[in-house]
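Remarks on the structure that follows.
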Amino acid sequence: MVGMVVGLWVSVAAELALVLLIVRRLGGLTRLVATSGAQDGVDRLHGTKIPPLRVRVLDDNLGRQRAQRVWFDEGTIIVLVRPRCVASRRLLAGLSQRLNAGCKPEFPMVVGFVGDIQDVNRLLGEFDVTGFAVMVINQGFVRKIDDAIPCAISLGAGGVIQHVASIDGDDSVFRFAEASGSAAVRQWLERSMVAAWPSTA
Amino acid sequence: MMVIASFLTAHFREWRRDWHGVQRSIQIGGDAVGASNDANDGILAAIDFETGEIVRSVTLNSPSGFAIHGDDLYVASMYGNRIVRLGMDFGVRESFATRLMNDLHNVIADDGGLLVACSGTDSVIELDYSGVQKWCWLATQHGFRSSASGHRAWVDTSRDYRASRIGTTSQATHCNSVRKWRLNGRDVVLLTLFHQGQVIAVDSITGRASVLLRGMRNPHSLRRAPEGWIISDSGSNAVVIVSEDFWITRIIEHGFNWVQDALAVDGGILVADANNCRIVMFDRDGSHQLHEISYPGEWKVYQLEIASVRWEEGIRRL
């Protein structure tokens, strides 16, 4: 009887060890896949719900900031950029030119800055995105999307991420608009391009 | 003004089949210049920038980065996996290689010795002038553990990599440009990472890496500029100028097609516009083109340097 119990325990322990080994191997494979590219990494976020973002709202007066938790409406486009990033700067230059050409978007848009607050303020001193800029401070969310920044996120109902992609120039911005399926975004990109760079019309 | 330029190959059509891939055959251990297949036949040339005339040239195995120190010119052989020392007459004096040398991209020379970026082994090595390794940093031992293709990347320091074939996608960073610097009171090595699109600072003592600049596509060539640094953002077809503290001040784009190298020179910025087969001079702002010379389409440029007066005289005389 004792022998049977011991045998059973040994058998259960062996099977458990085997299951653990398989789980660890699968985990390892997942990690390898996850690191195979920034876009692959953010693809996993499609269909997930964005958390309420803890942000500092960056007012017109750059010195004043207030921390708050924000929820986003359906149809919101969140653009995430960071200082000391060439692609972010290129993106921000284009965005700032569009917004200051008297062509405001007709959909909710937020430009979320990630990084050191002094650097963010320095960057905001160079590019005017007044009324759209927030400083994203929940590190958990930033970590998930870190490699893909600069990126854009389009939100569906209930804060579900419909589409997320790295963007670093006009080509990728237009590709994002196509992929997100938002006619409002596409139309704004076309209108604002004509307004900001009349020679392209 | 005399420009010394390295061209990785003079047979780019044949060579590009393996561009940033794996070369079909590496020959190693033979003489310094003889052991190379035709596609790896590259050129080191001294060019009169006003006329475009090639004043002196030599055929070498895939010459990539090079550095001048005194009367010597040290050339990294990308696929020969060795450093070749030349004189002012471009004659080969000697060559040497250490075990981590693989897919060499950049060499820096100062009074202390040579600093070499070995892309194949994702490492930076420092050598004295007799070829003895003094210092080494491996990206794979400092957090860069995954190759561009998603596999585990690891470099074993006891292994000899000189005869190995390590494709670009099998490398964790493809680190390709290196500079010594002092940052916040600490000695660091600055490094461009091709796959990550970053410039990082590696602490010389701890080996810890911190990101100074990111968001580039396949960057190369980190160089000093009067206002700070100049970086070739090759894949984005741009030259990036940053301040001393790596704050981006300008992004220069002029219809370039793969900026392989860019350097600040007296009165302007010299750009190696690789796929347009031209070397272009812009004004200091990078807004107006001042002059350009072209070279054969089969040549693949890698690095440019301005010859000092002494070197120019030596090259013309010998």
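Inspect segment B:128-141 for any residue being in contact with a helix residue (DSSP H, G or I) (Cβ under 9 Å, 6 or more places away or on another chain), assigned to a loop (DSSP other than H, G, I, E, B) and away from every other protein chain (no Cβ under 14 Å) and give the result as yes or no.
The initial filter retains those residues of segment B:128-141 that are in contact with a helix residue (DSSP H, G or I) (Cβ under 9 Å, 6 or more places away or on another chain), namely none.
For segment B:128-141, residues in contact with a helix residue (DSSP H, G or I) (Cβ under 9 Å, 6 or more places away or on another chain), assigned to a loop (DSSP other than H, G, I, E, B) and away from every other protein chain (no Cβ under 14 Å): absent.
Please determine, by comparing only the residues of segment B:201-217 that are within 14 Å of chain A (Cβ to nearest Cβ) and in contact with a helix residue (DSSP H, G or I) (Cβ under 9 Å, 6 or more places away or on another chain), which one is farthest from B:Glu244 (Cα to Cα). Break it down stepwise before answering.
Let us first name the residues in segment B:201-217 that are within 14 Å of chain A (Cβ to nearest Cβ), namely B:201, B:210-217.
Retained after the next criterion (residues that are in contact with a helix residue (DSSP H, G or I) (Cβ under 9 Å, 6 or more places away or on another chain)): B:213-217.
Details: B:Leu213: 12, B:Arg214: 16, B:Gly215: 18, B:Met216: 18, B:Arg217: 21 Å.
Once the filter is applied, the top-ranked residue is B:Arg217.
Restricted to segment B:142-166, and to residues that are of a type in the set (Ser, Thr, Tyr) and more than 14 Å from every other protein chain (Cβ to nearest Cβ), which residue is surrounded by the most Cβ atoms within 10 Å (Cβ to Cβ)? Step through it out loud before you land on a result.
First, pick out the residues of segment B:142-166 that are of a type in the set (Ser, Thr, Tyr): B:146-147, B:149, B:157-158, B:161, B:164.
Next, only the ones that are more than 14 Å from every other protein chain (Cβ to nearest Cβ) stay: B:157-158, B:161, B:164.
Numbers: B:Thr157: 12, B:Ser158: 5, B:Tyr161: 22, B:Ser164: 16.
Among those residues, the one meeting the criterion is B:Tyr161.
For segment A:181-196, indicate whether the set of residues that are surrounded by 16 or more Cβ atoms within 10 Å (Cβ to Cβ), within 14 Å of the chain's Cα centre (by Cα) and part of a helix (DSSP H, G or I) is non-empty.
no
Return the pairs, sorted by first residue and then second, in which the second residue is assigned to a strand (DSSP E or B) and among the acidic types (Asp, Glu), the first residue lies in segment B:285-313 and is touching a residue at least 40 places away in the same chain (Cβ under 8 Å) and surrounded by 12 or more Cβ atoms within 10 Å (Cβ to Cβ), the beta carbons are less than 6 Å apart, and the residues are 6+ apart or on different chains.
B:Gln303/B:Asp261; B:Leu304/B:Asp261
Does segment A:106-121 include one or more residues that are more than 9 Å from every other protein chain (Cβ to nearest Cβ), farther than 28 Å from A:Gly47 by Cβ and touching a Leu at 6+ places or on another chain (Cβ under 7 Å)?
So the first thing to find is which residues in segment A:106-121 are more than 9 Å from every other protein chain (Cβ to nearest Cβ), and the list is A:106-118, A:120-121.
Right, trim to farther than 28 Å from A:Gly47 by Cβ and you get A:116-118, A:120-121.
Subset that is touching a Leu at 6+ places or on another chain (Cβ under 7 Å): A:121.
Yes, that holds for at least one residue.
Could you list, in sequence order, the residues of segment B:215-236 that are basic (Lys, Arg) and either in contact with an Asp or Glu (Cβ under 9 Å, 6 or more places away or on another chain) or surrounded by 24 or more Cβ atoms within 10 Å (Cβ to Cβ) (or both)? Please lay out each step first, then the result.
Within segment B:215-236, the first condition is being basic (Lys, Arg), and the residues that meet it are B:217, B:223-224.
Correct list: B:Arg217, B:Arg223.
Taking the stated definitions as given, is B:Arg85 at pLDDT 95 or above and surrounded by fewer than 22 Cβ atoms within 10 Å (Cβ to Cβ)? Let's see the steps before the verdict.
On the way: at pLDDT 95 or above: yes; surrounded by fewer than 22 Cβ atoms within 10 Å (Cβ to Cβ): yes.
So B:Arg85 fits the description; yes.
If a residue must be without any contact (Cβ under 8 Å) to a residue 12 or more places away in the chain and of a type in the set (D, E, K, R), how many such residues does segment A:85-111 contain? Steps first, answer last, please.
If we filter segment A:85-111 for residues that are without any contact (Cβ under 8 Å) to a residue 12 or more places away in the chain, which is where we start, we get A:86, A:104.
Subsequent filtering for residues that are of a type in the set (D, E, K, R) retains A:104.
So the count comes out to 1.
Determine whether segment B:177-186 contains at least one residue that is of a type outside the set (A, V, I, L, M) and within 14 Å of chain A (Cβ to nearest Cβ). If you could, list the steps in order and put the result at the bottom.
Initial filter on segment B:177-186 (of a type outside the set (A, V, I, L, M)): B:177, B:179-182, B:184-186.
With the extra rule that they be within 14 Å of chain A (Cβ to nearest Cβ), the set shrinks to none.
No.
Do any residues in segment B:258-277 that are closer than 12 Å to B:His220 by Cβ have Cβ atoms under 6 Å from those of residues that are aliphatic (A, V, I, L, M) and assigned to a helix (DSSP H, G or I), where the two are at least six apart or on different chains, and which pairs are they?
That search, which allows pairs on different chains as well, returns B:Trp258/B:Ala274; B:Gln260/B:Ala274.
So which residues in segment B:222-243 are within 13 Å of another protein chain (Cβ to nearest Cβ) and not in a strand (DSSP E or B), if there are any at all?
B:Ser234, B:Gly235, B:Ser236, B:Asn237
Might you check whether a residue that is buried (at least 17 other Cβ atoms within 10 Å of the Cβ), within 13 Å of chain A (Cβ to nearest Cβ), modelled with pLDDT of 95 or more and over 30 Å from B:Asn40 (Cβ atoms) occurs anywhere in segment B:252-272?
Scanning segment B:252-272, I find at least one residue that is buried (at least 17 other Cβ atoms within 10 Å of the Cβ), within 13 Å of chain A (Cβ to nearest Cβ), modelled with pLDDT of 95 or more and over 30 Å from B:Asn40 (Cβ atoms), so the answer is yes.
What number goes with the only condition from (1) farther than 21 Å from B:Glu126 by Cα; (2) out of contact with any helix residue (DSSP H, G or I) (no Cβ under 7 Å at 6 or more places or on another chain) that B:Arg159 does not pass?
Here B:Arg159 clears every test but (1).
Just wondering, is there one or more residues in segment B:203-212 that are out of contact with any Pro (no Cβ under 8 Å at 6 or more places or on another chain), aliphatic (A, V, I, L, M) and either part of a loop (DSSP other than H, G, I, E, B) or at pLDDT below 95 (or both)? Spell out how you get there, then give the answer.
Initially, segment B:203-212 is screened for residues out of contact with any Pro (no Cβ under 8 Å at 6 or more places or on another chain), giving B:203-212.
Next cut, aliphatic (A, V, I, L, M) only: B:205, B:209, B:211-212.
Checking which are either part of a loop (DSSP other than H, G, I, E, B) or at pLDDT below 95 (or both) leaves us with B:205.
Scanning segment B:203-212 turns up at least one residue that is out of contact with any Pro (no Cβ under 8 Å at 6 or more places or on another chain), aliphatic (A, V, I, L, M) and either part of a loop (DSSP other than H, G, I, E, B) or at pLDDT below 95 (or both).
Checking A:Val164 against (1) surrounded by 15 or more Cβ atoms within 10 Å (Cβ to Cβ); (2) part of a helix (DSSP H, G or I), which single condition isn't satisfied?
(2)
The values are calculated or read from the model by the stated rules, or taken from the named source; none is laboratory data. Here the structure is a predicted model, which is why all the values come from computation and not from measurement. Heads up, the Cβs are rebuilt from the backbone with ideal geometry, glycines too, and the neighbour counts pull from every protein chain shown.
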